[in-house]
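The values are calculated or read from the model by the stated rules, or taken from the named source; none is laboratory data. Here the structure is a predicted model, which is why all the values come from computation and not from measurement. Here the Cβ is made from the backbone with ideal geometry for all residues, glycine too, and neighbour counts use every protein chain on show.
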Amino acid sequence: MTVEDGAIHACERTHDLAAFLSEQSVPLYLKSILLEKIGDYPGVLSILTLVFILKKLPDCKNLAEFLEKKKVEIRLLEDAYIASRYLLRKYVKEEAEMLVNVASEVLKYGELC
């Protein structure tokens with residue numbers, strides 16, 4: 001393996017890791033909000049299921065509305081978990097950046113909840 005091959009492989013792995021960690025951060029963060037607000041959270045993996053619960057909390061309506069608007073991106077985040085664990089899916093830079101940006105936006109909106 002050449003240095004160039006190693007660098008390309010490292011970048012590809014970085015994109016895959018960024019996609020996976022973006023997905024991991026969102027449900028954990030949403031569960032932390034639920035834990036703070038209602039003292040419990042469901043043992044579910046689906047981000048959209050957590051959104052359904054957040055919609056019921058008056059303080060979290062803005063976050064829930066934001067997540068509803070980003071439903072396609074949220075589905076892609078959920079797919080990132082499955083793809084990174086069970087499929088031979090490779091993420092390119094643009095995909096990883098989009099997932100990281102969505103996760104960052106969720107964290108920003110969550111601060112208002």
Assess whether residue 45 counts as being buried (at least 19 other Cβ atoms within 10 Å of the Cβ) and without any contact (Cβ under 8 Å) to a residue 40 or more places away in the chain.
-> no
All-but-one check, residue 44 against (1) modelled with pLDDT of 90 or more; (2) outside any helix (DSSP H, G or I); (3) not basic (Lys, Arg), failing number (1)
Condition set basic (Lys, Arg) and under 19 Å from residue 25 (Cα atoms), scope region 72-93, selection modelled with the highest pLDDT: answer is 75
Flagged pairs (Cβ under 8 angstrom, 6 or more apart or on separate chains; first in region 1-29, over 26 Å from residue 51 (Cβ atoms); second at pLDDT below 85 and assigned to a helix (DSSP H, G or I)) are 1/9
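Got at least one residue in region 2-19 being in contact with a Pro (Cβ under 7 Å, 6 or more places away or on another chain), part of a helix (DSSP H, G or I), surrounded by 12 or more Cβ atoms within 10 Å (Cβ to Cβ) and modelled with pLDDT under 95? Can you show your working first?
Our first condition is that a residue be in contact with a Pro (Cβ under 7 Å, 6 or more places away or on another chain); within region 2-19, this holds for none.
No: zero hits.
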All conditions in (1) surrounded by 13 or more Cβ atoms within 10 Å (Cβ to Cβ); (2) modelled with pLDDT of 90 or more; (3) under 16 Å from the mean Cα position of the chain (by Cα) are true of residue 69 except (1)
Cβ pairs under 8 Å, 6+ apart or interchain, first in region 56-74 and in contact (Cβ under 8 Å) with a residue 60 or more places away in the chain, second acidic (Asp, Glu), ordered by first then second residue, are none
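Give the residue, chosen from 105, 95, that is assigned to a helix (DSSP H, G or I) and either of a type in the set (Val, Ile, Thr) or surrounded by fewer than 16 Cβ atoms within 10 Å (Cβ to Cβ) (or both).
Values: 95 fails: either of a type in the set (Val, Ile, Thr) or surrounded by fewer than 16 Cβ atoms within 10 Å (Cβ to Cβ) (or both).
Criteria check complete, one pass: 105.
Look at region 20-32 and say how many of its residues are hydrophobic (A, V, I, L, M, F, W, C) and under 17 Å from residue 68 (Cα atoms).
Initially, region 20-32 is screened for residues hydrophobic (A, V, I, L, M, F, W, C), giving 20-21, 26, 28, 30.
Filter once more, keeping what is under 17 Å from residue 68 (Cα atoms): 26, 30.
Of the residues in region 20-32, 2 are hydrophobic (A, V, I, L, M, F, W, C) and under 17 Å from residue 68 (Cα atoms).
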